[in-house]
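Shown next, in structure tokens, is the structure this report addresses.
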Amino acid sequence: MSKALRLSEKWFRRGLWLVAVVFAGFLIGLGGTIVGDLPKVEKPLRVEDFLDRTAADRLRASIQETGRTAREGRDALDQARLKRRVAEADTQAARESFQNWVATRRATQLSEQDPEVVSRTQALDRLRQAERTAQAEEQRQDQVLLDARQREARARLQLQEMEQEATRKMNAEARRVELRVFLYRLALTLPLLVAAGWLLRTKRHGTWWPFVWGFAAFALFAFFVELVPYLPSYGGYVRYIVGIVVTVLVGRQAIVGLNRYLERQRAAEQLPDAQRREELSYDTALARLAKGVCPGCERGVDLRSEKIDFCPHCGIGLYDRCGQCASRKSAFAKFCHSCGTGKGVGLARLVEGVA
Ligand SMILES: [Zn+2]
Ligand SMILES: [Zn+2]
């Protein structure tokens, strides 16, 4: 690509680079959307899908059932405990009253009160019996509660084990899904990269170069950036190996290109001055002169010096004299800056004549 010096051409070229960037941006956006939709090809995984549904439901129902039993059992136990305490208090009160009465009787020694001793003792025994019954009821409720709690704990443990097993299965499946999504992405982005490589190799100087560069930028982005979130553990290998291959190909191309350029340059420096001048495009020559290098060999030359007319490195003529007015002028200029005479033919005068 020759470096143009025409102002509008320069700006057109910048505009075309902008086209390349915008084109790449839209392609990247589109690619990102497509690649982002890829995981939807796979349905999302849930632990529930890996459980034995009927067994899990049975366990859950059992947990709920035993939970309710335990709650009811706790209420019943509270009631039984209260009743037992009341019975205990009754017995205690009766016992104290009886002991007081017995003490009084001993003091009075009234033998006609013996039947009352018997009846009071019997009443105390009945209270004791009632207390014992209340105690037994409390213990029974305690047993019911304990049974319910243990059944609930067992069911929970069983469910937990089932869920752990299901989670293990789900994780294994998730790894397989990840691998599949990675392969989809690879199948999508690798051909893009190959296509971009081919386009760059063959069409990068063509008329449609902004689209070629835009597409290449998109392909690089798609492969090295958008593939990343879905790389499984070994995905890094794929990325780096492809990166190495691409770098080697590009580097090899650059080295071959450099050697070819040096070869061409050496061959060109062997040619006679006039022929070399003809083979150089006007714009290329001007661009090189503007950079302060020899247009023929691209080595540095002091172009401002009045004494240097030829490149000291390759011998190409840099300045000559106008055929018309003998002014010293750039050998690459098409017209004499002093009298306007065209190179070779009196082109300027011809143009003047026509006008
Ligand atoms: Zn030179
Ligand atoms: Zn002149």
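The values are calculated or read from the model by the stated rules, or taken from the named source; none is laboratory data. Given the structure is predicted, the values throughout are model-derived calculations rather than measurements. When we count neighbours, we look across all protein chains shown, and the Cβ atoms used for this are built from the backbone with ideal geometry, even at glycine. Note: accessible area is taken over every heavy atom of the protein model, side chains too, but ligands, DNA and RNA are not part of it. Shrake-Rupley method; radii C 1.70, N 1.55, O 1.52, S 1.80 Å.
A few points about this structure:
- Fully extended contour minus Cα-Cα distance, from Val248 to Thr104, at 0.36 nm per residue: 40.0 nm
- Kirkwood hydrodynamic radius computed over the stretch 1-107 comes to 24.2 Å, based on all pairs of distinct alpha carbons.
- The share of accessible area on the stretch 267-340 that comes from carbon and sulfur is 50 percent, using a 1.4 angstrom probe.
- Approximate spin-label separation Val47-Ser97, in nm, with each point projected 7 Å along Cα-to-Cβ: 6.1 nm
- For Arg140 and Arg71, the difference between the fully extended length at 0.36 nm per residue and the C-alpha to C-alpha distance is 23.3 nm.
- Signed unit charges on C-beta, dipole axis of the stretch 1-152, positive-most listed residue Ser8, Gly29, Leu18: Ser8
- Of the solvent-accessible surface of the stretch 133-185, computed with a 1.4 Å probe and all protein chains present, 50% belongs to carbon and sulfur.
- The chain: angle of helix 209-221 to the longest principal axis, Cα-based, in degrees nearest 10: 30 degrees
- Cleavage-rule hits (GluC sites (Glu not before Pro)) in the stretch 71-166: DSSP loop, at most 15 neighbouring Cβ within 10 angstrom: none
- For GluC sites (Glu not before Pro), the sites in the stretch 251-351 that DSSP calls loop and that have at most 13 other Cβ atoms within 10 Å are Glu306.
- Alpha carbon centroid spacing (whole Å) that separates the stretch 180-222 from the stretch 263-286: 35 Å
- The stretch 288-296 - phi-based ³J(HN,Hα) in whole Hz, Karplus 6.51/-1.76/1.60, Gly and Pro as x: 5, 4, 4, 7, x, 10, 5, x, x
- For the chain: rounded, prolate or oblate by the Cα gyration tensor [a/c cutoff 1.5]: prolate
- Estimated 222 nm signal from helices in the chain, with DSSP H stretches of n ≥ 4 weighted -39500 (n - 2.57), rounded to 500: -25500 deg cm²/dmol
- Measuring between their Cα centroids, the stretch 80-134 and the stretch 1-67 lie 86 Å from each other.
- Calculated on alpha-carbon atoms, Rg and Dmax of the stretch 208-318 in Å: 22.0, 68
- FRET efficiency, Ile255 to Leu183 (Cβ-Cβ, R0 30 Å, nearest 0.05): 0.30
- Take the chain and mark each of the chymotrypsin sites (Phe, Trp or Tyr not before Pro) that is in a DSSP loop with at most 15 other Cβ atoms within 10 Å; the longest unmarked stretch, sites excluded, is 1-207.
- Here r is the Cβ-Cβ distance between Asp283 and Lys40 and R0 is 56 Å; the resulting FRET efficiency, rounded to 0.05, is 0.60.
- P(r) tail fraction, the stretch 124-260 - alpha-carbon pairs more than 19 Å apart, %: 71 percent
- Exposure rule at most 13 other beta-carbon atoms within 10 Å, DSSP loop trypsin sites (Lys or Arg not before Pro): the chain longest free segment: 47-203
- GNM top mover of Asn259, Asn171, Asn100 - the chain, alpha-carbon springs below 10 Å: Asn100
- Full extension of the segment from Ser233 to Ser305, taken as 0.36 nm per residue of separation minus the current Cα-Cα distance, would add 19.5 nm.
- For the stretch 74-181: rounded, prolate or oblate by the Cα gyration tensor [a/c cutoff 1.5]: prolate
- Under 30 Å, Cα to Cα: Lys pairs in the chain, sequence gap 8 or more or different chains: 23
- Rel. contact order, % - alpha carbon contacts under 8 angstrom, at least six apart, the chain: 20 percent
- Distance (nanometres) between label positions extended 7 Å along Cα→Cβ at Ala174 and Leu18: 4.7 nm
- Per residue, the accessible area of the chain comes to 67 Å² when a 1.4 Å probe rolls over the protein heavy atoms.
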